[in-house]
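Only the coordinates and a few stated rules stand behind these numbers; no lab work does. A quick note: this is a predicted structure, and the numbers were derived from the prediction, not measured. Note that each Cβ is placed from the backbone with ideal geometry, even for glycine, and that neighbours are counted across all protein chains shown.
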Amino acid sequence: MARPAQARIDLAALRQNYQLATTLAGSAHTVAVVKADAYGHGAAQVAGCLAAAKAFAVACIEEALALRAQGVSQPILLLEGFFSADEIPLIAEQGFWTVIHSPEQAEQLACASLTKPLPVWLKVDSGMHRLGLAPAQAINVYQQLRASARVSNVVWMTHMACADELDCAYTAQQVACFQAALQNMSVPVSLANSAILLAWPQLRNDWVRPGLMLYGVSPLLTPLPKAAALQPAMTLRSAIIALRTIAEGEAVGYGAAFIADRPMRVATVALGYADGYPRHAPTGTPVLVNGQHSRLIGRVSMDMCCVDVTDIDTAAIGSEVIFWGQGLPVEEVARHCQTIPYTLLTGVTQRVPRIYLP
Ligand SMILES: *Cc1c(COP(=O)(O)O)cnc(C)c1O
């Protein structure tokens, strides 16, 4: 006996998406991005499944150490570098790679005592204005790093603000800014997140950094044939635990926010906002009941929500309800909830057991 809420993680889909990423990458190397517990899929299991990856990337040393503790032996890139200088010796010892995104970090690295030199990813701010060195600053820091015995090699990286829009001039502008910062030096570079890897073939060198696409989800705002080949890795599902018929004019859920406009059959499902399903999902958000399309009705509660099964004859206690994943793209659910797939996937809480399918 168990509560039926589960996130099923299809490892075969994950492997296939990774395969697509490496095919698109061509001769470029792939860093599989597994930050935020692999976008909610379980970082250790995902890294284990993608054992062929050359390297992994996470947001912080805590996430990297957790992967090491789980037996992951590849280099692990810290996408924001270190937050305090005392992390630097540990980064070297553990075989992590660090981003250097500020003059302050470069200074701290220059002062660190290390037994072996570190590979560094130098981050240039090419227009997102979130993290990275200004182009004019980058070349100075680069020369400082190159001269330091604490640094083995340097990859130049930048991050794109608008790559999810297929015809956005801002991406070209950022590329031009990045190239100007490079001053014709022949150095390894990295520009590609999932959106770039899928949609901007000319920007795939030398290291690609796919995250979302590995999980079978497209970051692109418009469909692209290549992205259609992605297989969703996570299926968030639960089951019907109660059924009732209500009359026209009767309400469903907190705030009596939904009122039936006809006699209706209402199913109560064991999944709520404490599982990470968004409370702001509006009436009409799609769900699948026994594989048939239906809709959420009323407000999402902490542990439950309600679904319209008036037209689904097979709906019974125990019937499977899918909230996103196989048969119902999380991209579509995100659109209904005025959010993005990233927040839905990373929002699935620890209460929901992850079930791994080989
Ligand atoms: C998260 C992240 C990525 C991966 O982005 P996706 O859109 O999930 O592919 C790549 N690069 C950096 C710097 C990131 O922070």
Next item on the list: Using the Kirkwood radius over Cα pairs, work out the Stokes-Einstein diffusion coefficient for the stretch 81-223 at 37 °C and 0.692 mPa s, in µm²/s as a whole number.
Entry: 207 µm²/s
Check: What angle, in degrees between 0 and 90 and rounded to the nearest 10, separates the Cα long axis of helix 11-25 from the longest principal axis of the Cα atoms of the chain?
Finding: 40 degrees
Next item on the list: For the stretch 1-112, evaluate the Debye formula with one uniform point scatterer on each Cα (no solvent term) and list log10 I(q)/I(0) at q = 0.11, 0.16 Å⁻¹, rounded to two decimals.
Entry: -0.41, -0.77
Checklist line | Radius 14 Å from Cβ of Ile139, net charge of other residues (Lys, Arg +1; Asp, Glu -1) | finding: +1
Item checked: Spherically averaged projected area of the stretch 199-345 from its Cα convex hull (nm²) -> 9.5 nm²
Check: For the chain, can you list the cysteines whose C-beta has no other cysteine C-beta under 4.7 Å from it?
Finding: Cys49, Cys60, Cys111, Cys177, Cys305, Cys306, Cys337
Notebook entry, point to check: Expressed in nm to one decimal, what extension gain is obtained for the pair Glu165 and Asn153 from 0.36 nm per residue of sequence separation less their Cα-Cα distance?
Noted result: 1.0 nm
Next item on the list: With everything on Cα atoms, drop me the angle between helix 135-147 and the longest principal axis of the chain, reported from 0 to 90° to the nearest 10.
Entry: 60 degrees
Next item on the list: Find how much the distance from Ala110 to Ala251 grows on full extension, using 0.36 nm per residue of separation minus their present alpha carbon separation; answer in nm with one decimal.
Entry: 44.2 nm
Check: Along the charge dipole of the stretch 140-246, which of Asn184, Ala228, Leu203 sits closest to the positive end, that is, farthest toward it, with unit charges on the beta carbon of Lys, Arg, Asp and Glu (+1, +1, -1, -1)?
Finding: Ala228
Check: With Cβ to Cβ distances under 14 Å as the rule, what net charge do the other residues near Ser102 carry (K, R +1; D, E -1)?
Finding: -2
Notebook entry, point to check: If you average the sequence gap of Cα pairs under 8 Å that are 6 or more apart and divide by the length of the chain, what percent do you get for the contact order?
Noted result: 18 percent
Check: Roughly speaking, what is the stretch gain from Asn290 to Gln350, that is 0.36 nm per residue apart minus the C-alpha to C-alpha distance, in nm to one decimal?
Finding: 19.1 nm
Checklist line | For the stretch 191-202, 3J(HN,Hα) per residue [Karplus equation, 6.51 cos²θ - 1.76 cosθ + 1.60, θ = phi - 60°, Hz, x = Gly/Pro] | finding: 10, 9, 8, 4, 4, 5, 4, 6, 10, 10, x, 6
Note to self: Taking a ≥ b ≥ c as the square roots of the Cα gyration tensor eigenvalues, with a/c under 1.5 meaning rounded and otherwise prolate when a/b beats b/c, else oblate, which class fits the chain?
What the structure shows: prolate
Notebook entry, point to check: Using the eigenvalues of the Cα gyration tensor, what equivalent ellipsoid semi-axes result for the stretch 276-358 when each is taken as the square root of five times the eigenvalue, whole Å, largest first?
Noted result: 19, 16, 13
Checklist line | Cα extents of the stretch 132-215 along the three principal axes, largest first (Å) | finding: 40, 27, 20
Check: In debye, nearest 20: dipole of the chain around its Cα centre with unit charges on the Cβ of K, R (+) and D, E (-)?
Finding: 520 debye
Next item on the list: Treating only the Cβ atoms of Lys and Arg (+1) and Asp and Glu (-1) as charged, compute the dipole magnitude of the stretch 18-120 about its Cα centre; round to the nearest 20 debye.
Entry: 460 debye
Check: Just for the chain, what percent of DSSP beta bridges are antiparallel, to the closest 5?
Finding: 55 percent
Note to self: Quick check: net charge around Leu357, other residues with Cβ under 14 Å of its Cβ, Lys/Arg +1 and Asp/Glu -1?
What the structure shows: +3
